[in-house]
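This report concerns only the one structure given below.
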Amino acid sequence: MKATQFFISTLKEAPADAEVVSHKLMMRAGMIKRLGAGIYNYMPMGLRVIRKVEGIIREEMNRAGAVELLMPVVQPAELWQETGRFDKMGPELLRVKDRHDRDFIIQPTSEEVVTDIARQELRSYKQLPKNFYHIQTKFRDERRPRFGVMRGREFTMKDAYSFDRDVDAAKRSYQAMFDAYQRIFDRFGLEYRAVAADTGAIGGEASHEFQVIAETGEDAIVYCPTSDYAANIELAEALPLQSSRAAASQSLVKTPTPGKSTCADVAQLLGLPLTQTVKSLVLASDELDDKGETIKSTVWLLLVRGDHDLNEVKAGKIEGLKGGFRFATVAEIEDHFGCKPGYLGPLGLKKPVKVVADRTVANMADFVCGANEADFHYTGANWGRDLPEPDLVADIRNVVSGDPSPDGKGVLDIQRGIEVGHVFLLGTKYSKDMNASYLDETGKPQLMVMGCYGIGVTRILGAAIEQNHDERGIIWPASIAPFTLVICPIGMDRSEEVKAAALKLHDELSALGVDVLLDDRGERPGAMFADWELVGVPHRVVLSERGLKEGQVEYQGRRDAEATKLALTDLLAHLKAKLGL
């Protein structure tokens with residue numbers, strides 16, 4: 001292709017509202033243009049990357065036995081009402097009405113629609129297993145769309161849905177998709193990790209996230225460098241940091257701590273390590289009547305070591321908090337503890353609360369905690385002697401670097417990642433709500449066991465750039481670059497020799513199936529090179545009148561520090577080797 005036949009729209013500076021690197025570079029490279037908050041036009045350069053991403057996904061999904069279909073963006077609300085998600089999903093679900101006042105939604109995902117297809121079309125065990133997928137526009141009404149395509153409202157996603165006769169068969173389908181995702185991300189040329197994850201709002205029995213490694217990632221990935229263990233921060237198991245509880249060696253003392261309301265400040269005042277303190281967090285769970293009004297509230301005291309943080313996802317799995325929780329109000333805290341936040345602890349409560357201790361806290365002795373009186377803390381507190389054993393001991397904290405790995409094969413480390421794919425083993429969550437069943441060998445109806453599998457197609461672009469860029473611009477992996485190679489002829493409009501050589505090379509590479517672009521715009525060399533470094537084309541060949549007279553050309557890979565001079569007669573062989581042809 002020739003540049004004059006294409007559309008190139010680069011900018012020297014990113015718009016002021018562009019935040020992260022990928023947003024800035026995609027805007028500057030002319031890949032996206034903002035239309036509204038979280039909504040973008042994908043310009044020709046960006047669309048070429050999207051189509052390459054989609055091509056790799058399609059090839060691997062088809063290879064794994066999935067069957068492509070296409071489900072609509074606008075979906076009737078009745079299906080979402082069957083599963084209860086029409087009301088439960090909240091304001092991220094964009095609800096609309098047609099001219100007849102009927103409710104519809106703009107799809108953020110398609111579990112309901114595909115389950116409706118399955119219950120109508122898959123009637124016999126002989127038709128199973130089946131996996132349907134599509135690549136389609138999605139919409140989620142984000143409260144604060146930001147970071148360009150990383151957290152936009154409208155985006156493109158590949159979502160697939162498997163249907164099986166039982167859990168064992170569903171696990172095989174899940175593994176087939178997991179393997180396909182690994183092939184997909186390998187082909188994208190991105191550094192990534194597949195990590196165990198919480199099932200979250202989608203629900204189900206098992207889940208893995210595919211995270212592209214990037215320092216700017218929003219997600220914390222926990223992994224063991226000396227084993228295969230990997231999980232996201234919400235799911236990563238935190239083992240107790242002491243195998244057993246030591247015997248008490250200090251007396252319980254009510255110690256003045258004027259104005260020191262945080263564990264860090266108290267530890268500094270008392271000259272003690274932060275690891276000897278215990279942090280108190282107060283939650284509340286509400287029992288509601290049929291009208292959604294609160295009948296009864298239960299107050300919970302969750303205890304973690306002073307240098308640790310509460311993991312709210314783990315807390316939400318505690319019996320009694322599974323139905324939802326909130327942080328207690330100041331009034332509730334004063335009613336149960338007799339004190340405002342900052343000096344709270346498990347000793348001397350005014351009213352009973354449910355006490356949940358993290359595994360590490362349960363094994364602590366001689367610890368420091370709030371005295372439930374302003375400006376005072378207890379030192380030398382011990383379970384059993386000074387206060388009852390906790391009502392429950394559970395893993396409720398975030399892991400930190402250096403924690404022992406749950407598989408016993410080393411210690412944990414943490415890095416940042418961007419979630420770009422997710423696989424779920426759903427079980428019968430949706431098939432039960434929508435009565436999606438098949439007839440088994442005996443003619444009895446059985447619920448289909450489902451899995452769902454998503455890849456954020458447009459998000460891949462942002463993640464790839466966050467991982468691969470420098471001060472000059474984007475560095476695309478070759479498999480998803482908008483063009484594989486660009487020919488930059490200097491003075492093509494003035495030199496017939498340069499023009500002829502450029503056209504000849506362009507045609508030769510095109511015949512070999514190379515996605516090549518000839519920059520025939522007549523730009524100055526500096527401007528031409530800057531454009532293609534910004535856009536991130538992996539390979540560049542420069543032709544000039546002086547070089548051709550000497551029988552030489554210049555080649556430079558996008559990651560190379562400088563160009564390499566080659567004999568013109570060796571160029572094609574060199575490019576074939578570089579491109580793996």
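Read-outs throughout are calculated quantities, based only on the coordinates presented, and are distinct from any laboratory measurement. Bear in mind that the values here come from a model prediction, so they are computed numbers and not experimental data. FYI the Cβ positions are ideal-geometry reconstructions off the backbone, even for glycines, and counts take in every protein chain you see.
To make sure I understand, if each residue's beta carbon is the centre and we count other beta carbons within 10 Å, what order do Asp265, Asp290, Asp531, Asp519 fall in, fewest to most? Walk me through the numbers before you get to the answer.
Working: Asp265 14, Asp290 5, Asp531 21, Asp519 25.
Fewest-to-most Cβ neighbours within 10 Å comes out as Asp290, Asp265, Asp531, Asp519.
Restricting to Cα pairs below 8 Å that are 6+ residues apart, what does the relative contact order work out to for the range 483-579? Please round to a whole percent.
Reported as a whole number, the value is 29 percent.
Just check the range 483-579 against the gyration tensor rule for me: Cα atoms, a ≥ b ≥ c as the square roots of the eigenvalues, rounded for a/c under 1.5, and otherwise prolate or oblate depending on whether a/b exceeds b/c.
Details: a/c = 1.26, a/b = 1.07, b/c = 1.18.
In terms of gyration-tensor shape, rounded.
Among residues other than Thr277 whose Cβ falls under 15 Å from its Cβ, what is the net charge (Lys/Arg +1, Asp/Glu -1)?
Details: positive: Lys260, Lys279, Arg305, Arg397; negative: Asp265, Asp307, Asp309, Asp358, Asp366.
Once all neighbours under 15 Å are counted, the net charge is -1.
Fewest Cβ neighbours within 10 Å first, please rank Arg326, Arg99 accordingly. Working shown, then result.
On the way: Arg326 11, Arg99 5.
By the 10 Å Cβ count, ascending, the order reads Arg99, Arg326.
Counting Lys and Arg as +1 and Asp and Glu as -1, what is the net charge of the other residues whose Cβ lies under 11 Å from the Cβ of Leu241? Display every interim value, and only then the final one.
Numbers: positive: Arg305, Arg359, Arg397; negative: Asp307, Asp358, Asp403.
Combined, the nearby Lys, Arg, Asp and Glu give 0.
Report, in listed order, any pair from Lys158/Lys429; Lys254/Lys279; Lys296/Lys350; Lys279/Lys351; Lys88/Lys351; Lys33/Lys138 with a Cα-Cα distance greater than 23 Å.
Values: Lys158/Lys429 21 Å; Lys254/Lys279 17 Å; Lys296/Lys350 18 Å; Lys279/Lys351 19 Å; Lys88/Lys351 34 Å; Lys33/Lys138 18 Å.
In this structure, Lys88/Lys351 exceed 23 Å between Cα atoms.
Just how large is the dipole of the chain about the Cα centre, in debye to the nearest 20, putting +1 at every Lys and Arg Cβ and -1 at every Asp and Glu Cβ?
Working: 73 positive and 85 negative charges, 148 e Å.
Charge dipole, the chain, about its Cα centre: 720 debye, nearest 20.
Hey, could you grab the Kirkwood Rh for the range 436-480? Inverse mean 1/r over distinct alpha carbon pairs, Å, one decimal. Spell out each step's value before the answer.
Values: mean 1/r = 0.0689 Å⁻¹.
After inverting the pairwise mean of 1/r, the radius is 14.5 Å.
With an 8 Å cut-off on Cα pairs and a minimum separation of 6 or more residues, tell me the relative contact order of the chain in percent.
Values: 1230 pairs, mean separation 97.6, N = 581.
Reported relative contact order: 17 percent.
Describe numerically, in nm with one decimal, the distance between label points set 7 Å from Cα along Cα→Cβ at Asp289 and at Leu270.
My value for the distance between the label points is 4.6 nm.
For the chain, with equal point scatterers placed on the C-alpha atoms only and solvent neglected, what are the log10 I(q)/I(0) values from the Debye formula at q = 0.11, 0.12 1/Å, to two decimals?
-1.11, -1.21
Order of Ser244, Ser173 from fewest to most other C-beta atoms within 10 Å?
Values: Ser244 7, Ser173 26.
So the ranking, lowest neighbour count to highest, is Ser244, Ser173.
Which of the peptides 18-28, 156-166, 449-459 is most tightly packed, and how do the rest follow, going by the mean number of other Cβ atoms within 10 Å of each residue? Working shown, then result.
Values: 18-28: 21.7, 156-166: 23.3, 449-459: 25.5.
Final packing ranking: 449-459, 156-166, 18-28.
Would you mind pulling out the separation of the Cα centroids of the range 101-126 and the range 1-29, in Å?
39
Straight distance only, please: which lysines reach the Cα of Lys565 with their own Cα at less than 20 Å, same-chain residues fewer than 8 apart left out?
Once the sequence-local lysines are set aside, what remains near Lys565 is Lys499, Lys504, Lys549, Lys576, Lys578.
State the Cα centre-to-centre distance between the range 215-273 and the range 371-407 in whole Å.
9
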